[in-house]
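As structure tokens, the structure follows; a few thoughts come after it.
Where a number appears in this text, it was derived from the coordinates with a stated rule and is not lab data. Computed from a prediction, not measured in an experiment: that's the story for all the values here. Glycine gets a Cβ as well: all are built from the backbone with ideal geometry, and neighbour counts include every protein chain shown.
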Amino acid sequence: MAEMFSLYLDHPVEPHDVALIEILQKVVRLKQTRGLHMDSWIDIAGYAAIGAETASESHEVRQSLELVKERVCAELGVEPLPEARGAKQKAG
């Protein structure tokens, strides 16, 4: 979903962003049903868990890639290139 949203919106969307969008949809349903749609409460808990897990993974992957880039550039004696548009999404 994050890849499809990224393509459609023409900017990077992370997996945890998708979880937030899904949570917002469930909140709207709860508002419309005065909090009585019980499945929405369960879904929100699930999306929150997925969001937390994917946010943590995305952050860790970006940190690891940044360290590798810094080490390679230092070894080659060159300055790292600025991040290209969309590179964050492709790396995540």
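In the chain, the longest principal axis of the Cα atoms and the axis of helix 38-76 are about 0 degrees apart.
With a cut-off of 8 Å between alpha carbons and a minimum separation of six or more residues, what is the relative contact order of the chain in percent?
Details: 69 pairs, mean separation 29.1, N = 92.
Reported as a whole number, the value is 32 percent.
Dipole orientation for the chain: of the candidates Leu7, Met38, Leu81, Met38 has the Cα lying most toward the positive pole (charges on Cβ; Lys, Arg +1; Asp, Glu -1). Placing a pseudo-label 7 Å from each Cα along the Cα-to-Cβ vector at His37 and Leu76 gives an inter-label distance of 5.1 nm.
Label reach from Arg29 (point 7 Å along Cα→C-beta): in the range 1-23, amide nitrogens under 15 Å belong to 19-23. Overall, the chain carries a charge dipole of about 400 debye about its Cα centre when +1 sits on the Cβ of Lys and Arg and -1 on the Cβ of Asp and Glu, all other atoms neutral.
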